[in-house]
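Trainee: Quick one: this structure, given as structure tokens, is what I'll be asking you about.
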Amino acid sequence: MRRLIGVDIGGTRTRVGAFSAGELLARREFPTQGMEQANQAIRNLLSQVGWERPEAIGVGAPSPMDMRAGIILGCPNLPHWRNVKVVEELREAFGCPVYLANDATCAAIGELEFGHRARDFVYITWSTGIGGGIVAGGRVVWGATGQAGEIGHMVIRPDGPLCRCGKRGCLEAVASGTGIARAAEERLGERLPAKEVVARARAGDPGARGIAEEACRAFGQGLAIVWELLEPELVILGGGLTQAWDYLGPMVMEALGRMARGKPRVVLTKLGDDVGLYGAAALPDHFPKEWASR
Ligand SMILES: [Zn+2]
């Protein structure tokens, strides 16, 4: 029985979980701070489940990173995680192999091992940002440096709004929660979280409705590009905006239907907010062997 620890560092909350034989034994969740706090949470978890040490630790984070070196480079969302050698520090603290990957790729691994268990699928998180992970033939597609599946940074409006990556018109800049909030500030003259914009759109506010429709059209366009490129068996969605899928979904699917050939199948994750945590725990079994020389 493999005893694995998953760590899912989120922009607002961090989750840690202890898994044995593919089962989540115990989990903890707390507002994201830095390395020291994550370290302590793992210690607490180990004493809770009575393990001296785990066999391996997998870490997912929503940040630019050097996967091979095991370093989180940090971003405005993660001020406590700038240039943190997370792999080296956890390996020294817990005496086991440690692996690091992008959070959306981890979520795809979570879906592969614990969720819908398709063999050819794309997982996309539609939330504050937009991220993705690709699984083909039951294997994760990593790309040359682990950045494959960065669907949020496909440019869909070359003259569109500035993205946090520095480019203009990325899918994320147009259709993410951040993009929706920015559109609301520009057009409605109010600083509103995306959730509130969606709530007002649902209630019939024409300005908010226009913003929601535009984001859904752009998101559907992104899904159509992914579909035409990979023809996945499933497109699996997670993230905060999918909580309003009953309202947003039909608009997304209408755009996707117009822009894609065939009949794309789009489903929601079964693992909710823990999809990234499950995937982080299974990351040690999927991390590219040739990169894991540590
Ligand atoms: Zn971008």
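Computed from the coordinates by the stated procedures, all read-outs in this text should not be read as laboratory data. What you see is a predicted model; the values in this text were computed from it and never measured. Positions of Cβ are backbone-derived with ideal geometry, glycine not excepted, and every protein chain shown enters the neighbour counts.
Trainee: Along segment 2-16, what does the Karplus equation 6.51 cos²θ - 1.76 cosθ + 1.60 (θ = phi - 60°) give for ³J(HN,Hα), rounded to whole Hz, x for Gly and Pro?
Mentor: Per residue, the Karplus-derived 3J(HN,Hα) values read 7, 9, 10, 10, x, 10, 10, 8, x, x, 10, 10, 10, 10, 10 Hz.
Trainee: In µm²/s, what is D for the chain at 37 °C and 0.692 mPa s, where D = kT/(6 pi eta Rh) by Stokes-Einstein and Rh is the Kirkwood radius from Cα pairs?
Mentor: 169 µm²/s
Trainee: Only Lys, Arg, Asp and Glu count, each charged at its Cβ (+1, +1, -1, -1), so figure out the dipole size of segment 184-289 about its Cα centre, rounded to 20 debye.
Mentor: Rounded to the nearest 20 debye, it is 220 debye.
Trainee: Next question. Please compute the contact order of segment 117-269 in relative form: average sequence separation of alpha-carbon pairs under 8 Å and at least six residues apart, divided by the residue count, as a percent.
Mentor: Computed over segment 117-269, the figure is 23 percent.
Trainee: Relative to the present Cα-Cα distance, how much length would full extension add between residue 285 and residue 159 at 0.36 nm per residue of separation?
Mentor: Roughly 41.2 nm would be gained on extension.
Trainee: Viscosity 0.890 mPa s, temperature 25 °C: give me the Stokes-Einstein translational D for segment 117-269 in µm²/s, with Rh taken as the Kirkwood radius over C-alpha pairs.
Mentor: Diffusion coefficient, whole number: 158 µm²/s.
Trainee: In debye, nearest 20: dipole of the chain around its Cα centre with unit charges on the Cβ of K, R (+) and D, E (-)?
Mentor: 80 debye
Trainee: While we're on this one: Placing unit charges on C-beta atoms (Lys and Arg positive, Asp and Glu negative, everything else neutral), compute the dipole magnitude of segment 117-269 about its Cα centre in debye, rounded to 20.
Mentor: Magnitude of the dipole: close to 140 debye.
Trainee: Can I ask one more? Could you tell me which GluC sites (Glu not before Pro) in segment 1-85 are loop residues by DSSP with no more than 10 other beta carbons within 10 angstrom of their beta carbon?
Mentor: Here the sparse-neighbourhood loop sites are 52.
Trainee: I would also like to ask the following. Please state the shape class of segment 203-256: rounded when a/c is under 1.5, otherwise prolate if a/b exceeds b/c and oblate if not, all from the C-alpha gyration tensor.
Mentor: Prolate is the answer for segment 203-256, as a/c is 1.5 or above and a/b outweighs b/c.
Trainee: Given H placed 1.01 Å from N in the peptide plane, which residues other than close sequence neighbours of residue 127 have an amide H under 5 Å from its amide H?
Mentor: 177, 241
Trainee: Quick one: if the Förster radius is 41 Å, what FRET efficiency do residue 268 and residue 89 give, using the C-beta to C-beta distance and rounding to 0.05?
Mentor: According to the calculation, E is roughly 0.70.
Trainee: Figure the gain on full extension for residue 52 and residue 144 (residue separation times 0.36 nm, minus the Cα-Cα span) and round it to one decimal in nm.
Mentor: Here the answer is 29.5 nm.
Trainee: Once phi is turned into θ = phi - 60°, what whole-Hz ³J(HN,Hα) does the Karplus curve with 6.51, -1.76 and 1.60 give for every residue of segment 101-106, x standing for Gly and Pro?
Mentor: Working through the residues one at a time gives 8, 4, 5, 6, 5, 4 Hz.
Trainee: Please list 3J(HN,Hα) in residue order for segment 190-195, calculated via the Karplus relation 6.51 cos²θ - 1.76 cosθ + 1.60 where θ = phi - 60°; whole Hz, with x for glycine and proline.
Mentor: 9, 8, 10, x, 3, 4
Trainee: Assign one of three labels to segment 1-130, namely rounded, prolate or oblate, based on the Cα gyration tensor with a ≥ b ≥ c the square roots of its eigenvalues; rounded applies when a/c is under 1.5, prolate when it is not and a/b is larger than b/c, and oblate otherwise.
Mentor: Verdict is oblate for segment 1-130.
Trainee: Here's a follow-up. From the cross-link list 85/195; 195/263; 263/289; 85/263, which pairs have alpha carbons spaced over 32 Å apart?
Mentor: With Cα atoms farther than 32 Å apart: 85/195; 263/289; 85/263.
Trainee: Would you list 103, 274, 8 from fewest to most Cβ contacts within 10 Å?
Mentor: Lowest to highest Cβ neighbour count: 274, 103, 8.
Trainee: Nearest 0.05, what FRET efficiency do residue 24 and residue 191 give at R0 = 25 Å with Cβ-Cβ as r?
Mentor: So the FRET efficiency works out to roughly 0.10.
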